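Following: one structure in structure tokens, then a few remarks.
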Amino acid sequence: MPLCGCKPLDADVARNFQEIVTANGYPYESHDVETSDGFILELHRIAHGKTNADQGTKGHILLAPGILADADFFVMTFADRCVSFKLADAGYDVWVMAPRGTRGSSRHRTLTPQSREYWDFSFEEMGVFDVSACVDFILKQTNATKISYLGHSQGNAQMWAGLALKPELNDKLNVILAVAPVAYTGNQTSEAISAFADSGAPRLMYENGVNEIDPTDKTKWHLLSRALTNLPLFSKVSRWMVKSIDPVLSASRRLPVYFAHFPARSSVKSILHFAQGFREKNFARFDYGSEINVLKYGTTVPPDYDLSGVSVPVVFFLGGQDKLATKEDVSLLKARLPPGIVKEQNSYPLVGHSFLSDLPASQQPFLTDLVTALNTYSKKVDV
């Protein structure tokens, strides 16, 4: 019985990843994966769909969320248009990584979240250490020789960095499904993000010992979800703010659920690394300043990530209303990849950066195209 005449909240507001998965009738497993630099990551698994448990698997796929998101991103939308469930029902063994520093992956062998060293990472470390550790773990657990990869937003940036600095990753993947494929960001059109990056706030925070962005007070976000559900004026203002980043998401009737699961914890260094890309209009390693750059890179300016060695087939999925992964920036990324490595580029005019929409599944060709691409380019996987 709702109190004070308030509308009841959607049950998924209070559920975690496991609870959302099992509430929708899917199998669930959780695994710990230790990276070579000491982080202990939570790796979620949906091994099959609701009705195909005895049919064997078509292959294994690792899903990686974007910045300020954790694994919940891949299960928090409507069940009938949820990427994780769609892939499981299509016959795939679905693994979802929780990025370092987020709720499920906050442990470290020697460091604590109270230390600056703990938060000394950006998407580069996530690619070099986290992605490679999760890929190796899945290969060992399944005895496969290759797996597939789906990245959303920063989940792509970390893969490009990982492939550039750890090229042996190429041999372990059969396809990269790049959704809202972030790398270059100099042409992004979000006024809110531009204002934040141009203000110098990320650099100021980093240089003054602010190590993390921590919006994970669940009580606060559940109250926000309740306000979005019950207070029309508050809802209108909040949706206006979201609209500056994702105009499609801002209109979603499921926004109270999304705010209960997003944003997640992240390092200030990650934010600053992206702000660097906005400002310099490049896709380069982290800028520590000329003196430290010389020690780390041998040059006064950080080098661009060399993507010329990428040999994994890539399929792009672009939102027509995406203000972060714009067509101009995706074209720059495509030009940096080897000729012919991008096999398809799919665009959806009614989709924003999050790729979350209230449109019924039957009106979202993205979901069908995703499975079709996976079926096409993961055929040689050893399962």
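Summary table below
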read-out: Test: residue in region 280-301 that is acidic (Asp, Glu), open to solvent by 40 Å² or more (accessible area, probe 1.4 Å) and at pLDDT below 95; value: yes
read-out: Check on His44, open to solvent by less than 20 Å² (accessible area, probe 1.4 Å), in a strand (DSSP E or B), touching a strand residue (DSSP E or B) at 6+ places or on another chain (Cβ under 6 Å) and in contact (Cβ under 8 Å) with a residue 12 or more places away in the chain; value: yes
read-out: Residue match in region 183-198 (condition: in contact (Cβ under 8 Å) with a residue 40 or more places away in the chain, on the phi > 0 side of the Ramachandran plot and outside any helix (DSSP H, G or I)); value: no
read-out: Restricting region 51-87 to residues that are among the basic types (Lys, Arg) and out of contact with any Gly (no Cβ under 8 Å at 6 or more places or on another chain), the residue that is least open to solvent (accessible area, probe 1.4 Å); value: Arg81
read-out: So Asp382, is it loosely packed, with under 14 Cβ neighbours inside 10 Å and at pLDDT below 95; value: yes
read-out: Failed criterion for Asn346 (all others in (1) open to solvent by less than 20 Å² (accessible area, probe 1.4 Å); (2) in contact with an Asp or Glu (Cβ under 7 Å, 6 or more places away or on another chain) hold); value: (1)
read-out: Qualifying positions in region 116-130 - crowded, with 22+ Cβ neighbours inside 10 Å and part of a loop (DSSP other than H, G, I, E, B); value: Phe121, Ser122
read-out: Members of region 248-271 that are assigned to a helix (DSSP H, G or I), over 17 Å from the mean Cα position of the chain (by Cα) and closer than 27 Å to Ser331 by Cβ; value: Ser250
read-out: Residue that is nearest to Ser84 (Cα to Cα) [pool: residues in region 136-172 that are surrounded by fewer than 24 Cβ atoms within 10 Å (Cβ to Cβ) and aliphatic (A, V, I, L, M)]; value: Ile138
read-out: Output for region 116-140, where each listed residue is more than 20 Å from the chain's Cα centre (by Cα) and more than 22 Å from Asn208 (Cα to Cα); value: Leu139, Lys140
read-out: Hits in region 65-97 (condition: assigned to a loop (DSSP other than H, G, I, E, B) and either within 17 Å of the chain's Cα centre (by Cα) or closer than 20 Å to Pro181 by Cα (or both)); value: Pro65, Gly66, Ile67, Leu68, Ala69, Asp70, Val75, Met76, Thr77, Cys82
read-out: Test: residue in region 23-38 that is open to solvent by less than 10 Å² (accessible area, probe 1.4 Å), among the aliphatic types (A, V, I, L, M), part of a helix (DSSP H, G or I) and modelled with pLDDT of 95 or more; value: no
read-out: Candidate set: region 98-115, residues that are modelled with pLDDT of 95 or more and open to solvent by 100 Å² or more (accessible area, probe 1.4 Å); chosen: the one farthest from the chain's Cα centre (by Cα); value: Thr110
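One line per residue, one yes/no per condition, for (1) modelled with pLDDT under 95; (2) under 15 Å from the mean Cα position of the chain (by Cα):
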| site | (1), (2) |
| --- | --- |
| Thr142 | no, no |
| Gly151 | no, yes |
| Leu169 | no, no |
| Ser194 | yes, no |
| Tyr206 | yes, no |
| Glu212 | yes, no |
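The values are calculated or read from the model by the stated rules, or taken from the named source; none is laboratory data. These numbers come from a predicted model, not from an experiment. Backbone-built Cβ (ideal geometry, glycine too); neighbour counts: all protein chains shown. Just so you know, the surface numbers come from the protein's heavy atoms only, side chains and all, with ligands and any DNA or RNA stripped out. Shrake-Rupley method; radii C 1.70, N 1.55, O 1.52, S 1.80 Å.
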